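Reviewing the structure listed below.
The values are calculated or read from the model by the stated rules, or taken from the named source; none is laboratory data. Here the structure is a predicted model, which is why all the values come from computation and not from measurement. When we count neighbours, we look across all protein chains shown, and the Cβ atoms used for this are built from the backbone with ideal geometry, even at glycine.
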Number of protein chains: 2
Amino acid sequence: MPSYEAPNKDTAFILHELLKVQDEKIKGFDELTPDFTSAVLEEAGKIARDVLQPINQSGDQEGCHLENGIIRTPKGFKEAFDQYRAGGWNGLDLDPEYGGQGMPYTLHTAVAEIFSSANMAFTMYPGLTHGAISAIYVHGTDDQKAKWLPKMIDLEWTGTMNLTEPHCGTDLGLMRTKAEPQDDGSFKISGQKIFISAGDHDLSDNVIHLVLAKIPGGPDGIKGVSLFIVPKFLVDDDGKVGTSNGVSVGSIEEKMGIHGNSTCVMNYDGATGYLLGEEHKGMRAMFTMMNEARLGVGMQGLAQAEAAYQNAVAYAKDRLQGRDVTGTKNPDGPADPLIVHPDIRRMLMNQKSFVEGARAFILWGATMLDRGHVGGDKDAMGIISLLTPVIKGFLTDVGFDMTVQAQQVYGGHGYIEEWGMSQFTRDARIAMIYEGANGVQALDLVGRKMAQDGGKHVMAFFAMIKDFIAENKDNEAISADFLEPLKEASKELQAVMMYFMQEGMKNPNAALAGSTDALHMFGHTCLGLMWAQMAKAAQEALDAGTDDPEFYKNKLITGRYYMTRVLPATKMHGVRAVAGADAIMGLEPEAF
Amino acid sequence: MPSYEAPNKDTAFILHELLKVQDEKIKGFDELTPDFTSAVLEEAGKIARDVLQPINQSGDQEGCHLENGIIRTPKGFKEAFDQYRAGGWNGLDLDPEYGGQGMPYTLHTAVAEIFSSANMAFTMYPGLTHGAISAIYVHGTDDQKAKWLPKMIDLEWTGTMNLTEPHCGTDLGLMRTKAEPQDDGSFKISGQKIFISAGDHDLSDNVIHLVLAKIPGGPDGIKGVSLFIVPKFLVDDDGKVGTSNGVSVGSIEEKMGIHGNSTCVMNYDGATGYLLGEEHKGMRAMFTMMNEARLGVGMQGLAQAEAAYQNAVAYAKDRLQGRDVTGTKNPDGPADPLIVHPDIRRMLMNQKSFVEGARAFILWGATMLDRGHVGGDKDAMGIISLLTPVIKGFLTDVGFDMTVQAQQVYGGHGYIEEWGMSQFTRDARIAMIYEGANGVQALDLVGRKMAQDGGKHVMAFFAMIKDFIAENKDNEAISADFLEPLKEASKELQAVMMYFMQEGMKNPNAALAGSTDALHMFGHTCLGLMWAQMAKAAQEALDAGTDDPEFYKNKLITGRYYMTRVLPATKMHGVRAVAGADAIMGLEPEAF
């Protein structure tokens, strides 16, 4: 069975030496001292290791089952959920007025990675609830907030997001679910929703569904979609759970992975719903949460890669097979450990340099969300809005690849479910799809975010890289190994952006044809920036005479690997991104 | 449920217009007229579509079960096996002296792709038997051949290959299974083998295991390994199946995919075995089959990509979602089909240009095996020996990626088992691992095949490309679009080879660190060569006034896509391949 230890030393390095969160002048950040965050991460690590990870594989094998209309989660999920709930983890970054602890979202993100690595399927139950809470918190009336939030933050009730229908996923304008207005101001919701994660289960006393639906007579398409709160059980004015609403589980989906999470077909049959936010502005309400939700999915890509990586390392050190061609390393044993072999190292270094870079990228992104939401920093909000599709698309694509490579380290054992490596791959696969398939992320980047506010944020992003390079050009520890490749990647990416801007207007397909490659170039450039910054921080620690020089030296070595061996992917993506529409659109549909 | 149609038009184009098999002067090839091959492919396509494909998904869902020591294959497998057997498909390319039909291996390969696309798990039962037959055919005595081959070719009995043990997969020198010589010339085999595909089942009357084991007192390590024929049931001199031998199924593995194939732990407890080939020369006997077996696994990468591609195309044409940004294509419908979107096209074109290129590559490889084995052409044998790790490693790595992209076209439905796309991904995953994990293929390429016979074959390979470019330099239809990028890729690959030769001696890890990247460069260059040759053939058909110009025009368009958008991967791999050992080996094992 796989194991997992939270990478707390690395997270602490990123929080306190790279991002220096303790110095941020935003509400809540003053509490993020190294001592405090280390206590929180340590506690989260214990729950992850001792409570969530032990039921990850069994949850995958057992799955969720629909029995007489009730969904049973796998053995141990309820007990784990109660422990998670008792620890107050769900409210870590939420408003104390409703029972939260008011910590920065950045800390929540660091902790969420840990739980997600240990048990992605489990962590989705509170994760979806967290998203629903944010929607109600931002768009709800005071009464709605008072009614729903305390019990959701407490996890007495959980939440879901209901967008997809059988005939529409990306194109929600095709939605058919209806919301008929009632005399008392409520609505009767009718229709079918599919792929509803955590749609129903036996973990909480109520499930609060956020449901997109159309009010008859409203505008056509996406502009006529509204958002509703639809509880599984109606709740009276005193907050007591009453009779069941017209909500039922149609079926439970058999999926490739995340078997421990109940993915439901939900049927609404005249269920009572309450409008959340304005009529016909449901998509806007959804989109205010998108940055957060997509950052959370990007984090899942990292989280599965991290968990898979840890186990690949353990196997590579333990499994004896073949000899080091440069000289035996284990003369007393029948063979050397796998880790002596360069191609095994290649896979492990790919994983290590990815997860450490991705962790920095996501936590940096989380600080920008905090700066924007709490600190009112519009520039930070602009940058994170630009980078959100990159975090979601790039980190889940590469995160999945990394789980495949971790599985590969195991050879034949990687294919056997007993060893647990297949599960990381199967679980990670969904993150490329949900919360907007990665092709939609690429479209969002190229078709919307790049040009947002007149291209201001993309220019700010490049200026940030340029400034960092200029400020550190005399820093010999990083100039040749980090700044030069970063500069090159950034230049290549800018050339692609320029091409898109020139071509985009006259031939939009030319930009769209290169969108995924541009997204990947963007992602590599961001990780290159993270590594350059981490290298700088590591060198500073070494120069200051740290008492743990190995940790910082290893950071530099790992970073150099990324810059030398991984970042050159931009060369391939750069050529592909500007190859134009003709190559891609040349065939008539019937020629496929 | 997914569907499948054999791509017979494409296969016929490759066989008759690209490879011109009908003109080969090797025994058996004179029968390969277009009429004949088309009749064979059509019949194979019918069985694939009507018999094997319909039980692919149900076989995945049901899996194999061990009941009271007997393995039950999924519902319908036995009936399908009987039909497959009755059609004589297993003996298509085998010696008529033992009941085969004596066709070229090339035709067998074309047909095997079809069956494997329709049902990979099923096709492995005859596939493993085919491998075991080859071993006995090449290394068996006349008596052994007479005793075992006719019933194995007829599929009355099936075969297996037993190499891996719990503590050794790649490093077979660590093997512990013993073979004690008996007075009658037979051996008593004792030990445990794992990951035995088709190890036991209810499809045939006997299972003939080929087992690697050590004769006590022989040389240490890999040089003391011998190969044995160990039947599940002993067979008397009249060929009658008698009492059971000391062979039993320890357990059946729960795997990520190929659930319809029984992957067994096999226990040998003093089982009677018969030496096949020479004592202590078991690995040599195994390796004579490796080219064929690895080509077969590379074919599986293609086969799963093809099946997944066909379904992704159908979905992309059928599913209405969003509008073409350049103008509505389906004004009467609520949305345009997915196929109008450039990023969907990108994924479909990746798949299409891969499967068509890969099919040409594999069938070309198969003709070289025929030229070598039947025609005695040592140069062809040298080239296919060089390219075998490329066919296996590259086509299974990329084939898997293509199944992931096909799954991605389906959005959320791709993750739901009911739609069948997850199965292609899960089934394709094993091909990167078995028959030598792909890292071992890269090692084989760089550490052995490149330098084989003084580098003669690698030079011949580059000369072949150079000659083709020189011969066609005035062919305007292909010179700029095909020959130029091929030339560039070939040059980049040669530079890497040169670096490896220079560094390899003084710093072997530098070459090994780049081995997988070199393998992928090799693969892309081969597919680039295939596309250039196919483009030439297509243009010739157009010039000759074909009555199906669309087919050939589409070949050119698809080929241009490969050259423009896919082949530039060599730019990334080229940088990585020569990045040296330091970046990859810099960390101490404890730093991971």
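Is it the case that A:G260 is in contact (Cβ under 8 Å) with a residue 60 or more places away in the chain and assigned to a strand (DSSP E or B)?
It is false that A:G260 is in contact (Cβ under 8 Å) with a residue 60 or more places away in the chain and assigned to a strand (DSSP E or B).
Go through (1) crowded, with 24+ Cβ neighbours inside 10 Å; (2) of a type in the set (A, V, I, L, M, F, W, C); (3) under 18 Å from B:C168 (Cα atoms) for A:A316 and report which single condition fails.
Unmet condition: (1).
Just the residues that are more than 14 Å from chain A (Cβ to nearest Cβ), crowded, with 17+ Cβ neighbours inside 10 Å and touching a helix residue (DSSP H, G or I) at 6+ places or on another chain (Cβ under 9 Å), please, taken from the range B:155-178.
Within the range B:155-178, B:L155, B:W157, B:T158, B:G159, B:T160 qualify.
Please specify each residue of the range A:366-387 satisfying the condition of being within 18 Å of A:D93 (Cβ to Cβ), at pLDDT 95 or above and β-branched (V, I, T).
Within the range A:366-387, A:T367, A:I384 meet the criteria.
In this structure, does A:R345 turn out to be among the basic types (K, R), modelled with pLDDT of 95 or more and closer than 29 Å to B:H573 by Cα?
Judged against the criteria, A:R345 is a match.
Hey, could you check the range A:547-566 for residues that are of a type in the set (F, W, Y) and buried (at least 21 other Cβ atoms within 10 Å of the Cβ) and say which is nearest to the other protein chains (Cβ to nearest Cβ)?
Per the stated criteria, the residue is A:Y561.
Scan the range B:202-215 and give yes if some residue there is at pLDDT 95 or above, over 28 Å from the mean Cα position of the chain (by Cα) and more than 30 Å from B:A380 (Cβ to Cβ), otherwise no.
Among the residues of the range B:202-215, at least one is at pLDDT 95 or above, over 28 Å from the mean Cα position of the chain (by Cα) and more than 30 Å from B:A380 (Cβ to Cβ), which makes the answer yes.
Among the candidates B:V325, B:V249, B:V265, B:V230, which residue alone is buried (at least 23 other Cβ atoms within 10 Å of the Cβ) and outside any helix (DSSP H, G or I)?
B:V230
Of all residues in the range B:203-222 being out of contact with any strand residue (DSSP E or B) (no Cβ under 6 Å at 6 or more places or on another chain) and in contact (Cβ under 8 Å) with a residue 60 or more places away in the chain, which is nearest to A:P334 (Cα to Cα)?
B:I222
Among the residues of the range B:185-215, how many are surrounded by 23 or more Cβ atoms within 10 Å (Cβ to Cβ), charged (D, E, K, R) and assigned to a loop (DSSP other than H, G, I, E, B)?
1
Sort through A:T160, A:T129, A:T123 and tell me the only one that's assigned to a strand (DSSP E or B) and hydroxyl-bearing (S, T, Y).
The conditions single out A:T160.
Checking the condition at pLDDT 95 or above, under 27 Å from the mean Cα position of the chain (by Cα) and crowded, with 22+ Cβ neighbours inside 10 Å, which residue from B:F468, B:F462, B:F522 passes?
Result: B:F522 is the single residue among B:F468, B:F462, B:F522 that is at pLDDT 95 or above, under 27 Å from the mean Cα position of the chain (by Cα) and crowded, with 22+ Cβ neighbours inside 10 Å.
Please pick out the residue among A:A591, A:A581 that is crowded, with 17+ Cβ neighbours inside 10 Å and over 30 Å from the mean Cα position of the chain (by Cα).
Step by step, each of A:A591, A:A581 is checked, and only A:A581 is crowded, with 17+ Cβ neighbours inside 10 Å and over 30 Å from the mean Cα position of the chain (by Cα).
Evaluate the following for A:G436: is it surrounded by fewer than 24 Cβ atoms within 10 Å (Cβ to Cβ), within 16 Å of the chain's Cα centre (by Cα) and closer than 30 Å to A:N311 by Cα?
When the stated conditions are applied, A:G436 passes them.
Out of all the residues in the range B:325-350, which are more than 9 Å from every other protein chain (Cβ to nearest Cβ) and either closer than 21 Å to A:M505 by Cβ or among the acidic types (D, E) (or both)?
If the condition is that a residue be more than 9 Å from every other protein chain (Cβ to nearest Cβ) and either closer than 21 Å to A:M505 by Cβ or among the acidic types (D, E) (or both), then B:G327, B:T328, B:D332, B:D336 are the ones that fit.
For the range B:567-592, which residues satisfy the criterion of being more than 8 Å from chain A (Cβ to nearest Cβ), part of a helix (DSSP H, G or I) and either touching a strand residue (DSSP E or B) at 6+ places or on another chain (Cβ under 6 Å) or over 21 Å from B:L443 (Cβ atoms) (or both)?
Answer for the range B:567-592, where residues must be more than 8 Å from chain A (Cβ to nearest Cβ), part of a helix (DSSP H, G or I) and either touching a strand residue (DSSP E or B) at 6+ places or on another chain (Cβ under 6 Å) or over 21 Å from B:L443 (Cβ atoms) (or both): just B:E590.
With the condition kept exactly as written, say whether any residue in the range A:386-405 is farther than 15 Å from A:G301 by Cα and more than 9 Å from chain B (Cβ to nearest Cβ).
There is at least one residue in the range A:386-405 that is farther than 15 Å from A:G301 by Cα and more than 9 Å from chain B (Cβ to nearest Cβ).
Of all residues in the range A:349-385, which are closer than 25 Å to B:D582 by Cβ and buried (at least 23 other Cβ atoms within 10 Å of the Cβ)?
The answer is A:M349, A:Q351, A:K352, A:S353, A:F354, A:V355, A:E356, A:G357, A:A358, A:R359, A:A360.
Identify all residues within the range A:398-432 that are surrounded by fewer than 22 Cβ atoms within 10 Å (Cβ to Cβ) and under 17 Å from the mean Cα position of the chain (by Cα); write none if there are none.
A:D401
Can you tell me which of (1) at the interface with chain B (Cβ under 8 Å from one of its Cβ atoms); (2) of a type in the set (S, T, Y); (3) in a helix (DSSP H, G or I) is the one A:Y309 doesn't meet?
Only one criterion in (1) at the interface with chain B (Cβ under 8 Å from one of its Cβ atoms); (2) of a type in the set (S, T, Y); (3) in a helix (DSSP H, G or I) is unmet by A:Y309, namely (1).
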